[in-house]
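Worksheet for the structure shown next.
Bear in mind these aren't lab numbers, they're just calculated from the coordinates by the rules spelled out. As the structure is a prediction and not an experimental result, all values here were calculated from the model. Every residue, glycine among them, receives a Cβ derived from its backbone with ideal geometry; neighbour counts consider all protein chains shown.
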Amino acid sequence: MPEPATSSEPEKRITAAGNAGSGASSTASRLAAAVRDVRPGHVLETMTTRLRVLDDGAWLSVDDTRRVSVSEIWRLDAPAFCECDLADLVVENFLDVGVDGRTVTARVYGQCIVCGTKSTVEWVPVGRILDGEFVDIDREGILEPRRNDPEPAASNEPETNAG
């Protein structure tokens, strides 16, 4: 069962609805806004999901609940990370969290247990936001890092502190 998140770490804000600005402080909470059409001819409804890195990079929190932790082994198709055909990455630290559409992505630091390479992997998908809820991506399968950066932090979101 996911553990409730409590943290005094700063939050970051982001919107995935396609109207994100740029230039917000990196100390602001990432919020993923998923837009869905309730019924044809009606106003679109927006749902917001808070995404944070907690405990000095040990957890990814979704809506104040710890959902993804370090120490997992992920199989990656990531030639930019190491020379292995498929890297077996031990996730040691979450550096950042973002969204790409409805997909929650994370920048992670870790080590390939096959060749020993230690480095950062850019924007690995870890879950999706469906109907306002976080759904895990099968991280036991082969993961492929996203080639593009996720949505930038929204500049119109106020900076807040979680603690």
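Assorted remarks:
- Point-to-point label distance, ASP55-ARG146, nm (Cα→Cβ direction, 7 Å offset): 2.5
- Rough spin-label spacing in nm, given labels placed 7 Å along Cα→Cβ, for ASN93 and CYS115: 2.2
- Whole-Å semi-axes of the range 43-124's equivalent ellipsoid (Cα gyration tensor): 27, 15, 9
- Simple spin-label estimate for LEU86 and ASP131 gives 3.2 nm between the two label positions (7 Å along the Cα-to-Cβ direction from each Cα).
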